[in-house]
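The values are calculated or read from the model by the stated rules, or taken from the named source; none is laboratory data. This is a predicted model, so every value here is computed, not measured. Cβ: placed from backbone, ideal geometry, glycine included. Neighbour counts: every protein chain shown. These area figures cover heavy atoms from the full protein model, side chains too; ligands, DNA and RNA do not enter into them. Shrake-Rupley method; radii C 1.70, N 1.55, O 1.52, S 1.80 Å.
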Amino acid sequence: MITLYHAGLSVCSIKVRLGLAEKGLEWQSHPIDLKKGEQYNPEYMQLNPNAVVPTLVHNDFVIIESSIILEYVDSLSDDNVLMPTDLQAQTLARIWLLRCLDIHSAINTMTFSTVNREKILANLSPEKIEQSIRAIPNPLASAKRRDLLTNGIASDHLHGALFTLKRLFDDMETSLTHNHWMTGANYGIIDTAILSYVDRLDRLGMAGLWKERTPSIEAWLNRSKARPSYHEAMNAYEDPKETEDTRQVGERLWPQVNQRWQEFLDGQKN
């Protein structure tokens, strides 16, 4: 039996649900309400001491880290194999899976320096905010969250996020200029691994990060959204009103983000 502990629009949860959908595997859903802090419940932290989602349990085997889960899920069935068969292509795919750690950090920065920051500051008292920050087990992650909520788009963390995203978009553009999907003619594990991250930026109203510089990404995103797996991984977990509210806030903040993006790009030329 496969049990997935996951949360609605958590990017890493979406990534694993996409993989499960692509593979056509049956699984038992165990939702974790991040807003209520259920990721910090002692029972859950016994499974995942990092207090993050997702966590996959296959029979009695517990797996954390979404990229590792994704590769494990792919190995459970010979149907619709996502990992390339060529050894060199497999190696490149695993490099991409490793890169997801930095990509996830960048997406976290973009989210909590913009839309999530506005929502948190508007809805929680300073005491509740401090309590939520202190609950994060990793002291570096806790300090980063405090900085993002304090400084927002002015945070130094944003500069590092833009560095990671520029490299992501440039490498995607190189691949997608010549290929329909990241691994070639067929949709694969790299597409599955990075889709939720690009989708999050789109939902934040930040598609301007790639539309002009690296336009192949937009077509890839639309192709990915048209796949049945996207609808299976997203539709049951999405609140259309919340999605629209998120986009509206993000689009209002986009000019400030774009200013830092353009300054970053200009700095890269020097």
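Placing +1 on each Lys and Arg Cβ and -1 on each Asp and Glu Cβ, with no other charges, gives the range 99-219 a dipole about its Cα centre of roughly 360 debye.
Computed over the alpha-carbon atoms, the range 116-235 gives an Rg to Rh ratio of 1.05, Rh here being the Kirkwood radius from the mean inverse distance.
Computed about its Cα centre, the charge dipole of the chain is approximately 700 debye, with only Lys, Arg, Asp and Glu carrying charge at their Cβ. From its DSSP helices (H runs of at least four residues, each -39,500 (n - 2.57)), the chain gives a residue-normalised ellipticity at 222 nm of -20500 deg cm²/dmol.
Rounded to the nearest 20, the size of the Cβ-charge dipole of the range 1-112 about its Cα centre is 380 debye, with Lys and Arg at +1 and Asp and Glu at -1. The mean sequence separation of alpha-carbon pairs under 8 Å and at least six residues apart, normalised by the residue count of the chain, gives a relative contact order of 22 percent.
For each pair in 128/166; 15/269; 128/241, compute the distance between the two Cα atoms and list the pairs where it is over 30 Å. Where the Cα-Cα span goes over 30 Å, the pairs concerned are 128/166; 15/269. Label reach from residue 94 (point 7 Å along Cα→C-beta): in the range 160-194, amide nitrogens under 16 Å belong to 189-190. Relative contact order, whole percent, for the range 189-258 stands at 48, derived from Cα pairs under 8 Å and 6 or more residues apart. By its C-alpha gyration tensor, with a ≥ b ≥ c as the square roots of the eigenvalues, how is the range 96-152 shaped: rounded for a/c under 1.5, else prolate for a/b larger than b/c, else oblate? It comes out oblate by the Cα gyration axes. Computed over protein heavy atoms with a 1.4 Å probe, the accessible surface of the chain works out to 50 Å² per residue. Ignoring any ligand, DNA or RNA, what whole percent of the accessible area of the chain comes from carbon and sulfur when the probe is 1.4 angstrom? C and S fraction of accessible area: 51 percent. Report the far tail of the P(r) of the range 1-61, meaning the percent of Cα-Cα pairs longer than 20 Å. Counting pairs separated by more than 20 Å, the tail of P(r) holds 20 percent. When you restrict to C-alpha pairs under 8 Å that are six or more residues apart and normalise by the size of the range 1-138, the relative contact order lands at 23 percent.
Nearest 0.05, what FRET efficiency do residue 232 and residue 174 give at R0 = 25 Å with Cβ-Cβ as r? According to the calculation, E is roughly 0.25.
Among complete DSSP H helices in the chain, those whose alpha-carbon atoms stretch at least 20 Å along the helix's long axis and whose mean Kyte-Doolittle hydropathy reaches -1.0 are 87-112, 157-178, 189-203. For the range 40-192, the fraction of C-alpha pairs farther apart than 23 angstrom is 51 percent. Of the residues 47, 265, ranked by 1.4 Å probe accessible area with the largest first, the sequence reads 47, 265. Counting every Cα pair in the chain, what percent are over 26 Å apart? Roughly 42 percent, once rounded to a whole number. Each part gets one Cα centre, and for the range 228-264 versus the range 124-186 those centres are 14 Å apart.
Can you compute the label reach from residue 35? Point 7 Å from Cα along the Cβ direction, backbone N cut-off under 19 Å, restricted to the range 182-212. Under 19 Å, as judged by backbone N against the label point of residue 35, lie 200, 203-205 of the range 182-212.
The ratio of the alpha-carbon radius of gyration of the range 18-129 to the globular-protein estimate 2.2 N^0.38 Å is 1.30. A dipole drawn for the range 53-190 from +1 and -1 charges on Cβ atoms has a positive end, and of 113, 54, 84 the residue lying farthest that way is 113.
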